[in-house]
Amino acid sequence: MSEPRTLAIRVLPQPGESLDSWLEALARRSWTSLSALLDALGLPTQERTHHLLTGLPPEMFRRLKKQLNLRAGMLEQSVVPAALFGRRAPHWRFCPQCLSEGQGRFPIRWWLPWTFACTKHQALLHRRCPSCHTEPRVFLPRSVHLHAPGHCMRRTGRRTVCGADLGELPALALPHGHPLLQAQELLSALPVHQRMAADPTFKKVDKYLSPLMESMSASDLLPLNEAARDAWQNVLADITDLNSGIGIWRVQERRRTILTPDFFQREHTEGGTPFRVIAEIHRLPRRLVFTTSKTARSSRSCKTHSDLALIHYQPPTPSISRHLSSTASAPPSRFCTRTHRPLSA
């Protein structure tokens with residue numbers, strides 16, 4: 001078997017840098033297209049960018065590190081498990097100032113649905129290009145060496161790209177100490193790496209996000225401009241999307257811990273809270289709340305009947321017990337147990 005091809009020109013990945021960001025920087029340094037670089041490294045030229053971050057087989061990953069003579073652990077924080085995204089492709093968000101200061105390079109965290117703000121520049125992240133009004137990194141960029149870093153590489157034709165400078169977008173500024181910035185500080189402290197498990201990660205994320213989502217009021221959104229409010233609504237839509245990894249987990253977890261028979265008895269039956277309001281408060285589908293309530297009522301009804309049966313149960317008297325013992329030891333009679341009528345010969 002031939003040795004993997006190595007590159008003479010090397011660009012080291014930055015700590016926590018996304019794999020597609022680093023490979024794009026390497027392609028620019030080598031003055032070649034990203035697709036040609038991937039081909040030279042023996043990597044699949046995926047159409048969708050996120051496949052490069054989540055779908056590389058372990059053997060390709062090991063070969064890539066060997067080809068570029070990288071130290072152990074240098075790429076473990078540049079990719080994430082596909083289980084974090086469920087059935088929904090992730091959305092890439094970006095901070096314009098960070099792109100300008102970092103020459104177009106960016107962290108893997110910008111692909112995570114719970115990364116919505118830049119704590120360094122105290123602003124919400126953007127999601128769309130201001131020129132073509134699409135998400136810049138849905139598709140893998142190609143001729144990156146012909147364009148300046150930090151520009152939108154979304155194709156607008158067979159040989160043309162948008163080319164808008166993403167670093168020129170105005171900041172979606174947040175007031176100092178805003179609840180969104182405080183929550184993002186906690187979320188950004190969570191580790192991101194290749195082997196992170198989905199369920200424990202979702203549990204930690206939910207610990208910080210749920211109080212934020214439940215406590216956010218109109219007064220918290222009032223200082224934000226319309227673009228910033230829209231950006232936050234997009235974040236909420238991604239987190240509660242029933243096809244996303246964290247969205248699926250949230251529904252299952254809340255169905256198990258919140259939507260219990262006692263909860264429906266207290267909130268709906270006794271408190272009179274409509275199912276619609278329960279769904280809005282906990283950000284759950286109305287249909288799920290309704291169907292779960294039917295199951296909960298049935299379960300509670302069965303439990304009530306069982307409790308009543310135990311309450312009214314009276315043990316048999318000694319005379320009845322002796323009678324039952326004698327009948328149990330007697331030979332079987334030719335009577336039907338349902339009708340107690342003699343059976344015909």
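The values are calculated or read from the model by the stated rules, or taken from the named source; none is laboratory data. In this text the structure is predicted, and so the values were computed from the model without any measurement. Cβ coordinates were reconstructed from backbone atoms using ideal geometry, including for glycine residues, and neighbour counts include every protein chain displayed. For accessibility, only protein heavy atoms count, side chains too; no ligands or nucleic acids. Shrake-Rupley method; radii C 1.70, N 1.55, O 1.52, S 1.80 Å.
Points worth noting:
- When the residues 275, 202 are ordered by accessible surface, computed with a 1.4 Å probe over the protein chains alone, the sequence from largest down reads 275, 202.
- Computed over neighbours whose Cβ is under 14 Å from that of residue 209, the net charge equals 0, Lys and Arg +1, Asp and Glu -1.
- Residue-by-residue Karplus 3J(HN,Hα) for the range 73-85, coefficients 6.51, -1.76, 1.60, Hz, glycine and proline x: x, 6, 10, 5, 9, 9, 9, 9, x, 5, 4, 5, 10
- Taken per residue, the accessible surface of the range 150-207 reaches 57 Å², heavy atoms only and a 1.4 Å probe.
- Inter-label distance, nm, simple model (7 Å from Cα along the C-beta direction), residue 217/residue 291: 3.6 nm
- Backbone HN-Hα couplings from phi across the range 40-57 [Karplus 6.51/-1.76/1.60, Hz, Gly and Pro as x]: 5, 8, x, 9, x, 8, 5, 6, 8, 4, 5, 5, 5, 8, 10, x, 6, x
- The residues 98, 129, sorted by heavy-atom accessible surface at 1.4 Å with ligands and nucleic acids left out, run 98, 129 from largest to smallest.
- With each label modelled as a point 7 angstrom along the Cα→C-beta vector, the residue 193-residue 133 pair spans 4.4 nm.
- At R0 = 35 Å, FRET efficiency that the Cβ-Cβ distance of residue 207 and residue 120 yields, to 0.05: 0.90
- Compactness of the range 71-145, expressed as Rg and Dmax over alpha-carbon positions, Å: 13.5, 40
- For residue 290, the accessible surface of its heavy atoms amounts to roughly 100 Å² (probe 1.4 Å, protein chains only, rounded to the nearest 10).
- In terms of its C-alpha gyration tensor, the range 9-136 comes out prolate, because a/c is 1.5 or above and the ratio a/b outweighs b/c.
- Once both labels are positioned 7 Å from their Cα atoms along Cα-to-Cβ, the gap between residue 36 and residue 69 label points is 2.3 nm.
- Rounded percent of accessible protein surface that carbon and sulfur make up, the range 232-275, 1.4 Å probe: 46 percent
- Extension gain for residue 60 to residue 269 (0.36 nm times residue separation, less C-alpha to C-alpha distance): 69.5 nm.
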